[in-house]
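Worksheet: one structure, shown below.
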Amino acid sequence: MKKELIQTRIDKAARLRESGINPYPYVFDRTHETGELLADFDARIGGDEVSVAGRVMALRPMGKVTFAHLQDAAGRMQLYFRKDDLPVPVWEALEQIDLGDLIGVRGAPMRTRSGEATLQVRELAVLAKSIRPLPVVKEKDGQKFDAWEDTGNRYRRRHLDFILNPEHRRAFETRAKVVRACRAFLDGRGFLEVETPVLQSIYGGAMARPFVTHHNALDLQLYLRIALELPLKKLLVGGMDRVYEIGHVFRNEGIDRSHSPEFTMLEFYWAYADYHQAMDLVEAMLREVLEAATGSLQVEWDGRSLDFSKPIPRRRMVDLIEEKIGLSVLTAPEEELRARLVAAGESVPPYAARGHLIEGLFDHFVQPELFQPIFVTDHPRAISPLAKIHRDEPELVERFEIFIGGVEFGNAFSELNDPVDQRARFEDQAAQREKGDLEAQVLDEEFLQAIEHGMPPAAGVGIGIDRLAMLAAGVHSLRDILLFPQMRPEEIRAETEDEE
């Protein structure tokens, strides 16, 4: 059946060509989008003719008149074709129009007897003859009941999702506002935006497994970057005191509502600052970005209100754990920490030392109950190989994570700039890899030699743009804020046979 429908539309395109109409012309002179036209529609009645362009989403032939709905990026409006008002070639061309075709029309604004804003068409241009039919969407009381409410279809065929569910575009418009606001905030404070390589001979800057590729010309194994950190810190060495980058990073890990193997990070580095100043800056940035993207400092999330108008509390990770489970995790025997995790049903790898166990206890007992924004600070040294040792507690480092709605949105350090300590930390990470920790960081000799020339004390921050956009748009899965999320491929074939 689908093959027959496609052939019927191909035949209609051929008939348009035979009548001298190019079904795929080069340009159309559009004077208005529908939203702009409808905003002051009544003032336009009796005035100049206007032209709009978009996709035909409804078509109702009724003898000598035809009504249609045209949808563009700004909205939808009704069109009215009357045979007696149109040249014969235009009316005949209308007979070749199907749902999904892109058309341009010129005409006069009017209201129907029912009061609906309508364009009475005088001229018609076919702009793109669609040969593949749109999926049929059944609606009742504003509810849609067909497969296009199925998220798998929507994510795999985002072009159709936007045609059939234009309201889904709003999340991506909000995402664009978030990115613009982040740039404006940092640009306004003297940070310089830079671009660093996606392909790297050594991956680093995060605890994650990489994607591996091969450079044929150089016969070299390369990795897609897992973070932006190390190249940006080389720029600190080179005298660029305030730098940032917004770019894609890639981590070969699982997929869930808050994780994607390809995602967008913002990282910025600020010479001569520490993590306390970075917290102040992140707090100010969150307020400015959310207000720019949503118009408010109150954000709805999972049916509850997040309040960004108040100061964000700052709590040590170890204190939050002790308050929750009554255990001093810095002094209790490691076996007791391990036993608590095992009793809670967590799998504990054999290489896990105190720092990993503390992190595991936090993840299991504390993080799920964090809802309002909070800075969680002062992490174990073993899980933070790029952060400075805490100036008062050598078992910890100067690090914070920002949690919102129970999800980690950002990670930051007072950056480690002692090259001897950094080399020792990388060597500890190498030992962890030998024990089976495949996410432990790799020793990067080029980076070590760079900071051996002297890197200024600095604060560094990484923020997940996708999660921040999720928050601003009020969606609850990364796939709803990624235009083309990673999905398991479906078999796609041409229609060489009839399909039911």
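Since every read-out is calculated from the coordinates, none of them should be taken as a lab result. Predicted model only: the values in this text are computed from it and were never measured. For neighbour counting, all protein chains shown are included, and Cβ atoms are generated from backbone atoms with ideal geometry for every residue, glycine included.
Okay, here's what the table says:
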{"read-out": "Normalised per residue, the volume of the convex hull around the Cα set of the chain (Å³)", "value": "219 Å³"}
{"read-out": "The chain: relative contact order as a whole-number percent, Cα under 8 Å and 6+ apart", "value": "14 percent"}
{"read-out": "Length gained when the stretch Thr31-Glu491 is fully extended (0.36 nm per residue, less Cα-Cα span)", "value": "161.4 nm"}
{"read-out": "Inter-label distance, nm, simple model (7 Å from Cα along the C-beta direction), Asn216/Glu149", "value": "4.8 nm"}
{"read-out": "Spin-label proximity, Met110 to the stretch 58-80 - amide N less than 17 Å from point 7 Å beyond Cα toward beta carbon", "value": "60-70, 77-80"}
{"read-out": "Under 19 Å from the Ser305 label point (7 Å along Cα→beta-carbon), backbone N, the stretch 383-420", "value": "404-406"}
{"read-out": "Efficiency of FRET between Arg189 and Ala431 - r from beta-carbon atoms, R0 35 angstrom, step 0.05", "value": "0.30"}
{"read-out": "Normalised per residue, the volume of the convex hull around the Cα set of the stretch 2-134 (Å³)", "value": "111 Å³"}
{"read-out": "Ordering of 398-404, 125-131 by packing [mean C-beta count within 10 Å, highest first]", "value": "398-404, 125-131"}
{"read-out": "Pairwise centroid distance, computed over Cα atoms, of the stretch 1-63 with the stretch 196-212, Å", "value": "48 Å"}
{"read-out": "Theoretical gain in end-to-end length, Lys64 to Asp40 [0.36 nm per residue, Cα-Cα removed]", "value": "5.7 nm"}
{"read-out": "Helical mean residue ellipticity (222 nm; -39500 (n - 2.57) per DSSP H run of 4+; nearest 500) of the chain", "value": "-9000 deg cm²/dmol"}
{"read-out": "Modelled FRET efficiency - R0 41 Å, Ser201 with Arg287, Cβ distances, 0.05 increments", "value": "0.55"}
{"read-out": "25 Å Cα-Cα threshold exceeded, pairs from Lys2/Lys64; Lys12/Lys83; Lys233/Lys324; Lys177/Lys388; Lys177/Lys234; Lys177/Lys310", "value": "Lys2/Lys64; Lys233/Lys324; Lys177/Lys388; Lys177/Lys234"}
{"read-out": "Relative contact order (%) - the stretch 2-134, alpha-carbon pairs under 8 angstrom, separation at least six", "value": "30 percent"}
{"read-out": "Full-stretch length increase - Leu160, Val88 - with 0.36 nm per residue and alpha-carbon distance subtracted", "value": "22.6 nm"}
{"read-out": "Sorted by Cβ density within 10 Å, fewest first, the residues Trp301, Trp270", "value": "Trp301, Trp270"}
{"read-out": "Cβ-based exposure ranking for Asp302, Asp437, Asp280, in which fewest neighbours within 10 Å come first", "value": "Asp302, Asp280, Asp437"}
